[in-house]
Amino acid sequence: MAALLSRVVPSSGAPVVVELGPGTGSVSDAISARLPTAGRHLAVEVDGGLVAHLRRTRPHVETLCGDAEKLGSLLTAAGIEGVDAVVCTLPWSILGATKQRAILDQVAVAVLPGAGLSTVADSHARWLSGARDLRVGLDRRFDEVIPSRIIWRNVPPAMVYVCRRPSLVDPRAAPHGTSSRPARPTELREMPTT
Ligand SMILES: C[S@@+](CC[C@H](N)C(=O)[O-])C[C@H]1O[C@@H](n2cnc3c(N)ncnc32)[C@H](O)[C@@H]1O
């Protein structure tokens, strides 16, 4: 699972990788193993205890304490102008549609053209509206969304979406589902969450 998720991490150059919901850091280690030495690995975690754990055990990861919904301002504060890959293990199915959309809008603005995103989706929750909202949200923001098979040996069983070619849709300019493609913003900015 961690190896599959980290496949979107470029293995050469100086990529910027953002991990959302790193938790205890098991996926962080797979990202670090793949990331070139010139790359940057930023992890956004909302739980203060886990942030302290990650900073203590993985000092090479730039762990940012905050909500993924505020990704734009967190990255701006860290001096990041664009992201090459996003690896996400947020609990999407329990976040709710509004929160999901707010986070995905932030990701859509942060990623560079050619960036990839990978994310876990719990297989036991795949019939819940939260899981369907996630698939729709990914389809609207990426040109290609590839679901993996269910990985039964994961606890709990889960699947991975690998998404490529961000659609560059500015959610402020186009209602969800339209094909409007305004020019890409040149700097990160806060997106409205309503
Ligand atoms: C399923 S766990 C991640 C598991 C992780 N891969 C591990 O090895 O521990 C989800 C994580 O997302 C974090 N999280 C939940 N909502 C978040 C949000 N809005 N912003 C950032 N982190 C969030 C939780 O605190 C938790 O650590």
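A compact table of results
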{"quantity": "Percent RCO, i.e. relative contact order, over segment 2-166, from Cα pairs under 8 Å lying at least 6 residues apart", "calculated": "21"}
{"quantity": "Antiparallel bridges, percent of DSSP beta bridges restricted to segment 2-166 (to nearest 5)", "calculated": "40"}
{"quantity": "Low-density loop cleavage sites - chymotrypsin sites (Phe, Trp or Tyr not before Pro) in segment 79-149, where at most 13 other Cβ are within 10 Å (DSSP)", "calculated": "TRP127"}
{"quantity": "Accessible-area composition of segment 77-119, carbon plus sulfur, in percent [1.4 Å probe]", "calculated": "56"}
{"quantity": "Kirkwood Rh, angstrom, segment 1-112 [1 / mean 1/r, Cα pairs]", "calculated": "13.9"}
{"quantity": "Segment 37-126: GluC sites (Glu not before Pro) falling in loop per DSSP and having at most 16 other Cβ within 10 Å", "calculated": "GLU81"}
{"quantity": "Per residue accessible area in Å² of segment 2-166, where ligands, DNA and RNA are left out and the probe is 1.4 Å", "calculated": "45"}
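The values are calculated or read from the model by the stated rules, or taken from the named source; none is laboratory data. These figures come from a predicted structure and were not determined experimentally. Don't worry about glycine lacking a Cβ; one is built from the backbone with ideal geometry, like all the others, and counts go over all protein chains shown. With ligands, DNA and RNA removed, areas are computed over all heavy atoms of the protein, side chains included. Shrake-Rupley method; radii C 1.70, N 1.55, O 1.52, S 1.80 Å.
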